[in-house]
Amino acid sequence: MGHLNKQFPNGFLWGGAVAANQLEGAWLEDGKQPNVTDVMVGITTKPDLKWNESTQKWEMALNPDKKYLSHDAIDFYHRYKDDLSLMAGMGFNAFRTSIAWGRIFPNGNETEPNEAGLKYYEDLFDTMIKLGMEPVITLSHYETPLYLLTEYGGWVSRELIPLWMRYVETVFNRYKHQVKYWMTFNEVNNLFLMPFAAGGCLDIDPIDTNEPTKGLTQKEKYQALHNICVANAMTVKLGHETNPDFQIGCMFSLSSVATYPYSSRPEDVLGALDYKRSRLLFGDVNCLGEYPGYVKRIWDEQDCGPEILDGELDLLKTYTVDYLAFSYYRSAVYKSGVTMKVDTGGSVGFDNPYLDKATPAPWSWPIDPVGIRITCNELHDRYHLPLMIAENGIGLRETLDENGQIIDPERIQYIEDHLKQVHEAILDGCNVIGYLYWGPIDVVSAGTGEMEKRYGFVYVDRDNEGNGTLTRTIKNSYYRYKEIIETNGACLFNQNK
Ligand code: BG6
């Protein structure tokens, strides 16, 4: 019995993950301009834009009846020092957040960066490092500057590639001594189902009959995929040239790797395989460096292949990622004839009768810890790359009890059950390098835009109406996660606990 039977590997990254647009607030401060999520309340909803006849362009049209909680979020922008101290109090040695692209290049197409934005992240990373946390930085977490969509159409346009590279070069150079772990595009494999927020593409159904349809064709979506994959490869290349120690990863929503066939009917098994491939396509390109046969067949049969320029396939082949980061929240079941849907938690298909727990209504995400072990193993077998669990967590509805406390055994159970399965995956031979719990402090939900879906070990006093003092209160699970980290996971295997 090796030492790993009782704990996690040495140097394992323990921490949490958040995204600028869900916690910083200060949405127009210090020069920042709106990004895609600033015009939405939940990323599966329609963006609040209107067609301007005179300019023949789409423009922001916020709805006065809606609460855009992300605009102020939890005010991390001004409170990050205290918040990071709370994270350090759990013993985090890693903290994942994103750079809001629009703080650096407000509209995305300026030639000079915004120094106020650069300085903000420099101070933020410095604070993390001083507190003993490795910054794990996402370059784009649903944060494409809105202007790049209204002006260029977003990633459907090749023009975004050099604009992206200007941004990447700027932050790589500025933070090359502070940041080692980078992630390119958060959950960009949601592009096909959430093109606006996840894919950074102008994809709008007509809101009234006077407005033009801007819904993307399949061909345009594949063009966006290709442009993003080229940008990803160029980012890996530039990263390694900037600092050979950089670790550049891609990041996908991969709960759907744990998509189980409903039955042994060949149609269910083949359908599940096909479905998983649709979710793994980006990964196949970013990790293996080429377009797989199954997508070439679609391009061929449906005449929807992207334009690929000379040299781009070589670029994809040469500059594959150093590691694969992914989110896992729940599994799904594929049943022939049932349409699979996607939200921020992953895939939603047929209900799994073998899972008896779920997160509370209305979210009701099934809870399946074994799914994370299956996911790690399948990803390891396919890509043979280090794996970083960039998101895993449970959203609950919570209020302070009469003693001013939050006792959250469901969260403790969720983490323990998932971590035990991650540990099994490591014993299976998977090279899992870190576990970053999603939302270690309550943030605005990406899927629904609300505050009251709380993931945190730290409670933030703000409700769905935007009311509250923003006071932070430590929940009970904080102490358990601290203990898990302190013992490098060993306490999970102590039967007395
Ligand atoms: C992931 C996203 O899909 O899921 C996060 O990367 C998001 O941004 C997380 O917050 C949880 O989803 P939700 O909708 O509960 O916030």
Going toward the positive end of the dipole of the chain, with +1 on Lys and Arg Cβ and -1 on Asp and Glu Cβ, which of Thr471, Ala94, Val168 do you reach last?
-> Ala94
With +1 on the Cβ of every Lys and Arg and -1 on the Cβ of every Asp and Glu, the dipole magnitude of the chain about its Cα centre, in debye rounded to the nearest 20, is 980
Protection-proxy order for peptides 162-168, 454-460, each taking the mean of Cβ atoms within 10 Å per residue, highest first = 454-460, 162-168
May I ask you to order 376-388, 299-311, 323-335 by the average number of other C-beta atoms within 10 Å around their residues, highest value first?
-> 323-335, 376-388, 299-311
Within segment 19-155, the percent of DSSP beta bridges that are antiparallel, given to the nearest 5, stands at 50
Mean Cβ neighbour count within 10 Å, used as a protection proxy, ranking 473-482, 230-239, 249-258 highest first | 249-258, 230-239, 473-482
Starting from the amide H of Trp365, placed 1.01 Å from N in the peptide plane, find each other amide H under 5 Å away whose residue is 5 or more places distant or on another chain.
-> Thr359
Out of residues 5 or more away from Phe252 or on other chains, whose amide H comes under 5 Å of its own, with H placed 1.01 Å from N in the peptide plane?
-> Glu187, Ala325, Phe326, Ser327
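Are there GluC sites (Glu not before Pro) in segment 37-124 that DSSP puts in a loop and that have at most 10 other Cβ atoms within 10 Å, and which ones?
Glu53
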How much accessible area per residue does the chain have, in Å², with a 1.4 Å probe?
-> 39
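What does the charge add up to near Leu316, with Lys and Arg as +1, Asp and Glu as -1, over the other residues with Cβ less than 12 Å from its Cβ?
Net charge around Leu316: -2.
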Rounded to a whole %, the carbon-and-sulfur portion of the accessible area of segment 40-128 at a 1.4 Å probe is 48
Convex hull volume per residue for segment 345-393, taking Cα atoms only, in Å³ | 99
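The values are calculated or read from the model by the stated rules, or taken from the named source; none is laboratory data. From a predicted model like this one, the values you see are computed outputs, not experimental measurements. Cβ coordinates were reconstructed from backbone atoms using ideal geometry, including for glycine residues, and neighbour counts include every protein chain displayed. To get the accessible areas, we keep the full protein, side chains included, count just its heavy atoms, and leave off ligands, DNA and RNA. Shrake-Rupley method; radii C 1.70, N 1.55, O 1.52, S 1.80 Å.
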